[in-house]
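Right, one structure below, let's go through it.
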Amino acid sequence: MLWLGWLALIAFFVFCWQVMTQNTIWAFVSDAPSQAGDIGSRMFPPRWSYIPQLLEPLWDTMNIATLGTLLALFMAIPVAFLAARNTTPSVRFIRPIALLIIVSSRSINSLIWALLLVAIIGPGVLAGIVAIAFRSIGFIAKLLYEAIEEIDASQVEAVAATGATKAQIMDYAVVPQILPAFAGITVFRWDINIRESTVLGLVGAGGLGLRLQESLNVLAWPQVTVIFMLILITVLFSEWISAKVRHAII
Amino acid sequence: MTMSPDVPFRETWSRPPFIKRAWLRWTLYGGALLYLALAIGSIEVNWTRVWDGLDRGVRFIEGFLVPDFTSRWEDILVGMEESLTMTVTSTVVGVLISIPIGIGAARNIAPLPVYAVCRAIVALSRSFQEIIVAILFVAMFGFGPLAGFMTLSFATIGFLAKLLAEDIEDIDESQAEAIRATGAGWWQIVTYAIQPQVMPRLVGLSLYRLDINFRESSVIGIVGAGGIGATLNTAMDRYEYDSAAAILIIIILIVMAAEYLSGFVRKWVQ
Amino acid sequence: MLRLTNLSKVYATGDRALTDVSFTVEPGQVVGLIGPSGAGKSTLIRCINRLVEPTSGQVHLGDMEITGMRRHGLRRARRRIGMIFQEYALVERLTVMENVLSGQLGYVGFWRSFFRKFPPEAVANAYRLLDRVGLSAHVDKRADALSGGQRQRVGIARALAQNPDLLLIDEPTASLDPKTSRQIMRLIVEICDERGLPAIINIHDVALAQQFVRRIIGLQSGHVVFDGSPDGLDAEVLTKIYGEEDWSATIRKTDDDVDEDLADEGEPAGVVQETEAARRERMAGLT
């Protein structure tokens, strides 16, 4: 039975592979190593003098990630409380809507959100911020509502037993329990958003990706190398910060 | 526990601040505020452009309400076919490659040189966005889903090998100990002590990655690596918002279905 | 004075937790509620402040009929009823002082409580209570930094901060070692005496109940099967409550000095911690 399952998986894989590669021009593929060598040789030496022109896009990239995350928080918090079984006003009507918002936001990559938003509000940092925010809502709300559903009900019961109002129960029993998870999720998402915001410029939403697109268009590989290195440093830096902050919280 | 009725009790109390050192606290608050002001100040918004665009936004929302599946159905079909096959093949290949690398990147069973190499591969794969990798692969392999397949496989390795390595490092040592005590070799330890503990999680992670790969496959088409992203990009470029909405709705439905199915499979595995 | 009349509770699952429970607790009286697990002890005290909604019957506290109250009235009633819990149920990540002040939540508005600006007399009272339970040195500590006994003292102070007319106490010692259990029981009984406060204490440890309370109610499958002085707890009564067993050792324990060997069976119910690996997987799946 198990072997049959594996066999089916292999057959399925082969089938998918056939379908996927039916239009592949293998001459290009066999050419790949020399192409790679060619690109590699053209990428070096990096054009270091390009760095000053990258500082402003870098600042934009950071802002897109940070402000996008903040904007997402404002929208994600209510959605999370509406989606959690133990805080939603209505399991039957409101919860499914909140879950739909979460899954829609999560399904659509921030680059696609950026594509839409650039068309609507025009190219620039604002489209990037909103794109990052829209993509992050689902992520933050999903993790947050799971954290809300996991809280210790006895603490809520104890605060309710003092005669506290709903709002006071939130403030005294629910919020303190989810605060560490909330902070952790936020920083984690910020870290991911830094990565994502580095490429949003490819579709016109500002930041480093804009310079990447320009350089690729004119095949300026030495500049591309510099941009890649800058992205790498930025990503490592944000990962380091997010690890530090999460460590401090827990 | 002495009762001291003479000493009056204090009538005020305030919560001890989260950051104890006052100067640090105010520096952090001030710094955050300053950053926010500068960051928001540096956003340049062309309000007339935004105003003009709103009408497109309305059209897009209309497109969502009345999506057009038919006029671009052929393209959507081809794009979806590429996306789905790309997702499956890249997940399978990515998982297969990440198993040895994951084992190699676990400090408790791998020798130091192997560990260093595997960790380096993981770090390399994780540091670059799928899109950037896709740009490079498209340049090497030409346009089409093969470049997308390579991209997603590469990204899967970093994701899965890292989590797998951490799972192996977290395993219950006593079980490995017990097997080791029987005089088993390295290979036997891996298959008898580690594999049973890690297997259910590996299945779960692979399913998660399948879901992620599908979502990623919908974007890398923007840079020419095949899949539904290319179709979507074209639809957007031609201002066919109702077709774009149709594509997005299909993506959302597939992600929902995948999530539902993977939850089912994971329950079944555990 | 607390009066229960024909109180019954049937859960949605169809389980009959309480059937026609009626009794009266006089001012200043401390009642021990004993019975096997699942006898309905927890349900009974939660029906009094309606954390569990009773199916039928009435609860009167003084001249208030708690069972007939709407939301606002119920909150006003709850603030007069202090509750102490088995696992302390402190808000772990708040300070000791915030936990004690949370007893005042029924008396202050949202914004006051949000900014932690409680009335001066409430703050002074909280300090007084913390002094009374011996925790003056721990005011600003987080609740999860305290030991089990200390946490239960905070729980007591929180209940008293409500200026209650009644205390409901649910297995106050189930998570504590025998020595601490006795200290906590003594503290509770002393405080009830000082304030003339009536209390109902759920307790599974018969010897502990006999040692500290003057009246015992025995509950068996939701029915009151015994109501009287601890001296009346003979083998026959205990069999009626708990079922057939050799009760001689328990009954002898009434001479309340030799009880250290009576191992406390309650152990802190481990909160199911999500493993690090599971958490990572959850986080990873969402990228």
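The values are calculated or read from the model by the stated rules, or taken from the named source; none is laboratory data. No experiment lies behind these values; they were computed from the predicted model shown. Here Cβ is always computed from backbone atoms with ideal geometry, including for glycine, and neighbour counts include all displayed protein chains.
Observations
- Condition check for A:Val187: more than 14 Å from chain C (Cβ to nearest Cβ) and touching a Lys or Arg at 6+ places or on another chain (Cβ under 7 Å): no
- The number of residues in the range B:22-64 being in contact (Cβ under 8 Å) with a residue 24 or more places away in the chain and not acidic (Asp, Glu) comes to 5.
- Selection within the range B:223-251: residues that are among the hydrophobic types (A, V, I, L, M, F, W, C) and either outside any helix (DSSP H, G or I) or surrounded by fewer than 18 Cβ atoms within 10 Å (Cβ to Cβ) (or both). The member of this set that is farthest from the other protein chains (Cβ to nearest Cβ) is B:Ala225.
Residues checked against (1) closer than 22 Å to A:Ala153 by Cβ; (2) touching an Asp or Glu at 6+ places or on another chain (Cβ under 8 Å):
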| position | (1), (2) |
| --- | --- |
| C:His60 | no, no |
| C:Asp63 | no, no |
| C:Arg75 | yes, no |
| C:Met83 | yes, yes |
| C:Glu92 | yes, yes |
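- Residue among C:Asp15, C:Asp63 that is within 17 Å of C:Leu219 (Cα to Cα), surrounded by fewer than 18 Cβ atoms within 10 Å (Cβ to Cβ) and away from chain A (no Cβ under 14 Å): C:Asp15
- The number of residues in the range A:1-12 that are more than 9 Å from chain B (Cβ to nearest Cβ) and surrounded by 13 or more Cβ atoms within 10 Å (Cβ to Cβ) comes to 0.
- The range B:164-213, residues that are in a helix (DSSP H, G or I), within 14 Å of chain C (Cβ to nearest Cβ), crowded, with 16+ Cβ neighbours inside 10 Å and of a type in the set (A, V, I, L, M): B:Leu164, B:Ala165, B:Ile168, B:Ile194, B:Val198, B:Leu202, B:Val203, B:Leu205, B:Leu207, B:Leu210, B:Ile212
- Scanning the range B:214-222 turns up one or more residues that are over 19 Å from B:Phe143 (Cβ atoms), assigned to a helix (DSSP H, G or I) and either away from chain C (no Cβ under 11 Å) or not aliphatic (A, V, I, L, M) (or both).
- Residue in the range A:144-153 that is assigned to a helix (DSSP H, G or I) and either touching a Leu at 6+ places or on another chain (Cβ under 7 Å) or under 14 Å from C:Ser113 (Cα atoms) (or both) present: no
- Looking only at the range C:143-169, and only at residues there that are in contact with a strand residue (DSSP E or B) (Cβ under 7 Å, 6 or more places away or on another chain) and more than 10 Å from chain A (Cβ to nearest Cβ), the one that is surrounded by the fewest Cβ atoms within 10 Å (Cβ to Cβ): C:Asp165
- Those helices (runs of 4 or more DSSP H) of the range B:11-129 in which 3 or more residues are modelled with pLDDT of 85 or more and within 14 Å of chain C (Cβ to nearest Cβ) occupy B:73-104.
- Checklist (1) in a loop (DSSP other than H, G, I, E, B); (2) under 30 Å from C:Arg79 (Cβ atoms) applied to A:Ala158, failing item: (1)
- Count of residues meeting criterion [within 11 Å of chain B (Cβ to nearest Cβ) and either surrounded by 21 or more Cβ atoms within 10 Å (Cβ to Cβ) or not in a helix (DSSP H, G or I) (or both)] in the range A:47-60: 1
- Within the range A:113-123, considering residues that are within 7 Å of another protein chain (Cβ to nearest Cβ) and of a type in the set (Gly, Ala, Ser), the one farthest from B:Ile222 (Cα to Cα): A:Gly122
- Applying the condition of being in a strand (DSSP E or B) and not charged (D, E, K, R) to the range C:46-69 and asking which residue is nearest to C:Arg16 (Cα to Cα) yields C:Ser56.
- Looking only at the range C:126-144, residues that are part of a helix (DSSP H, G or I) and under 13 Å from C:Asn99 (Cα atoms) come to 7 in all.
- Subset of the range A:13-37 (residues that are facing chain B (nearest Cβ under 7 Å) and of a type outside the set (Val, Ile, Thr)): A:Phe13, A:Cys16, A:Trp17, A:Met20, A:Asn23, A:Phe28, A:Ala32, A:Gln35, A:Ala36
- Residue within the range A:26-33 that is in a helix (DSSP H, G or I), modelled with pLDDT of 85 or more and touching a Leu at 6+ places or on another chain (Cβ under 7 Å) present: no
- A:Leu126 vs. criteria within 24 Å of A:Phe188 (Cα to Cα), facing another protein chain (nearest Cβ under 7 Å), out of contact with any Asp or Glu (no Cβ under 6 Å at 6 or more places or on another chain) and in a helix (DSSP H, G or I): yes
- Count of the range C:91-115 residues, restricted to those that are crowded, with 24+ Cβ neighbours inside 10 Å, more than 7 Å from every other protein chain (Cβ to nearest Cβ) and assigned to a loop (DSSP other than H, G, I, E, B), is 0.
- Some residue of the range C:128-135 being within 21 Å of A:Pro176 (Cα to Cα) and crowded, with 19+ Cβ neighbours inside 10 Å: no
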